[in-house]
1. Would you check which residues across the range 45-56 are within 22 Å of residue 17 (Cβ to Cβ) and not acidic (Asp, Glu) and list them?
2. Does at least one position in the range 82-102 carry a residue that is hydroxyl-bearing (Ser, Thr, Tyr), under 30 Å from residue 23 (Cβ atoms) and modelled with pLDDT of 60 or more?
3. If you take the residues in the range 1-60 that are aliphatic (A, V, I, L, M) and over 22 Å from residue 71 (Cβ atoms), which one is surrounded by the fewest Cβ atoms within 10 Å (Cβ to Cβ)?
4. Go through the range 158-170 and count every residue that is of a type outside the set (D, E, K, R), touching a strand residue (DSSP E or B) at 6+ places or on another chain (Cβ under 6 Å) and surrounded by 13 or more Cβ atoms within 10 Å (Cβ to Cβ).
Amino acid sequence: MRYQISGKQIDIGAALQTHVQTELGEVVGKYAQRATDANVVFSRSAHEYVCETTVHLSTGLTAQAKAHATEIYAAFQACCDKMEKQLRRYKRRLKDHHRERSEPVELFGASSYILASDESETDQEPDSLQPIIVAEMETQIPSLSVGEAVMQMELAGAPVLVFRNENKDGLNVVYRRDDGNIGWIDP
């Protein structure tokens, strides 16, 4: 597994890098034997250290965790515990589905846009009704079952996930509703 351990305006020593590699390697090896790479970023937020970890699995799923603590090792340990909990749940769900994915998740390219809102002109009528596009980028749309899409959305901590339904060959959306349940849009 490839590790990328970095700090935002923090020097990361060799001892911390070795600690991260051994601890994260044990957790990932225990629950997900086929991890491809891990990205660990340390930063400061006022008096606390923040640790953000992203692990990419060969199945195409991504697990993310973030934790805060007053010491850098404690922040990593809390983040590692969250990652272990997510991977344990992921492994349990795979067993519950009685389905082994023999091939990685198929990904399709799509465009992603971020639209800007002009808050300064809320009282005035705009010249054009077309929104201003601030950012345009390429994104990947995975080909998953509905259960795997919900699992991917929860692992990523995202409020919404667009995916190609394996069973129907159409684009679907799963999202977290305000009442805490999961919504599924199947057009």
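The values are calculated or read from the model by the stated rules, or taken from the named source; none is laboratory data. This one's a predicted model, so the numbers in the text were calculated from it and none came from an experiment. Because the Cβ atoms are built from the backbone with ideal geometry, glycine has one as well, and the counts that use them run over all protein chains shown.
1. If the condition is that a residue be within 22 Å of residue 17 (Cβ to Cβ) and not acidic (Asp, Glu), then 45, 49, 50, 51, 53, 54, 55, 56 are the ones that fit.
2. yes
3. 1
4. Selection size over the range 158-170: 4.
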